[in-house]
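These notes concern the structure reproduced below.
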Amino acid sequence: MGFKIFLLFEKFLMLLPKKIRKSFFVFLANIAYYLSARYRNVGFINLDFVFGERLTQEEKKKIVKYSFKNLLLNFLHLMEIRHMSKAELEKKVTIKNIQAVKKAHKQGRAVIYITSHYCAWELGAAAIGNFIEPVYAVFKKMKNLDYQDWVLESRGKFNNKSLEKSNVIKPLIRITKNKEASGILIDTAINKREGVEVTFLNKKIHQTATPAYLARKFDAAIIPTSIKTDDEENYTLIFFDEIAVEKTDDEKEDIRKATQLQADWLSKLITDEPKYWFWIHRRFKSNYPQIYKK
């Protein structure tokens with residue numbers, strides 16, 4: 001019953017002018033910032049941990065508030081994508097450095113898009129599926145399966161497909177061998193046994209080695225991708241140059257080096273403009289659980 005009410009509410013929201021719809025979600029984000037002490041505190045803890053006194057308390061507050069806003073805007077994008085035409089998406093998103101992808105395609109190689117919870121990640125994924133090629137994106141199973149179906153339906157609107165995170169390696173191997181594209185988030189907290197140690201934002205953490213493993217074994221191209229905006233209406237999908245994976249006699253070290261290069265790319269992206277990253281999740285909990293016990 002609750003989900004049916006949600007669907008009715010979605011229909012009502014989509015009848016409203018776009019500006020009013022966005023204002024409603026921004027209003028919800030402001031309420032969430034003040035009511036959700038748990039996630040608000042996580043944001044401040046992460047910023048203190050990474051930047052210390054290099055940012056003022058007021059700067060940190062603006063970033064944490066924007067993390068709530070950005071999360072709600074991504075939810076809004078999911079909703080709007082379900083009702084969006086290709087022409088509308090193409091008007092909203094432009095592409096930068098598509099040559100990086102075309103080069104890999106010309107070489108007949110599969111592309112592994114690495115990305116993160118940065119800016120409009122839902123819109124960025126949809127744009128890749130529409131402009132470039134269908135992507136098999138890895139996701140974590142949700143508790144509410146009705147809502148999960150709703151999310152996956154939106155993510156599949158522009159040709160993309162979804163892979164549930166548990167036992168995902170075999171499907172990713174098949175996809176890569178078939179020269180198809182996959183999308184992997186590299187900024188989620190993972191168990192130490194599941195990744196390799198790298199330096200991320202000047203902190204030793206563990207990060208998934210899956211992109212480097214697949215790229216090395218099947219000669220796929222790791223293409224970092226992100227999305228930016230200046231006005232929250234028009235967006236630029238950015239493809240970065242390929243992160244190459246060496247193939248020496250030391251497979252473990254080759255994978256570690258390539259994973260570190262991915263962490264370096266994301267660290268620079270976040271450091272250059274920190275407000276767009278999703279600071280209100282416990283990214284450092286596997287390596288530094290003590291910081292969240294304050």
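The values are calculated or read from the model by the stated rules, or taken from the named source; none is laboratory data. Computed from a prediction, not measured in an experiment: that's the story for all the values here. FYI the Cβ positions are ideal-geometry reconstructions off the backbone, even for glycines, and counts take in every protein chain you see.
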Q. Checking residue 20 against (1) within 18 Å of residue 276 (Cα to Cα); (2) of a type in the set (A, V, I, L, M); (3) surrounded by fewer than 16 Cβ atoms within 10 Å (Cβ to Cβ), which test does it fail?
A. (1)
Q.
Pairs please, first residue from segment 54-77 and closer than 24 Å to residue 14 by Cα, second anywhere and among the polar types (S, T, N, Q), Cβ atoms under 9 Å, 6+ apart in sequence or on different chains.
A. 68/30; 68/36; 69/30; 77/154
Q: Output the residue which, of all residues in segment 177-226 that are among the polar types (S, T, N, Q), crowded, with 19+ Cβ neighbours inside 10 Å and under 15 Å from the mean Cα position of the chain (by Cα), is farthest from residue 283 (Cα to Cα).
A: 182
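Pick out the one residue from 82, 174, 155 that is modelled with pLDDT of 95 or more, charged (D, E, K, R) and under 18 Å from the mean Cα position of the chain (by Cα).
On the way: 82 fails: under 18 Å from the mean Cα position of the chain (by Cα); 174 fails: under 18 Å from the mean Cα position of the chain (by Cα).
Just a single option satisfies the conditions, and that option is 155.
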Q: Quick one: which residue in 290, 260 is assigned to a helix (DSSP H, G or I) and surrounded by fewer than 16 Cβ atoms within 10 Å (Cβ to Cβ)?
A: 290
Q | Meets criteria (under 19 Å from the mean Cα position of the chain (by Cα), among the polar types (S, T, N, Q) and closer than 24 Å to residue 167 by Cβ) for residue 229 | A | no
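Kindly indicate which of 53, 59 is acidic (Asp, Glu) and loosely packed, with under 12 Cβ neighbours inside 10 Å. Step through it out loud before you land on a result.
Values: 59 fails: loosely packed, with under 12 Cβ neighbours inside 10 Å.
Answer to the check: 53.
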Q. What is the number of the single condition among (1) touching an Asp or Glu at 6+ places or on another chain (Cβ under 8 Å); (2) part of a loop (DSSP other than H, G, I, E, B) that residue 280 does not meet?
A. (1)
Q. Hey, among 75, 131, 49, which residue is touching a Phe, Trp or Tyr at 6+ places or on another chain (Cβ under 8 Å), under 30 Å from residue 171 (Cα atoms) and aromatic (Phe, Trp, Tyr)?
A. 75
Q) For residues in segment 25-43 being exposed (fewer than 14 other Cβ atoms within 10 Å of the Cβ) and either among the aliphatic types (A, V, I, L, M) or in contact with a helix residue (DSSP H, G or I) (Cβ under 7 Å, 6 or more places away or on another chain) (or both), which is farthest from residue 232 (Cα to Cα)? A) 37
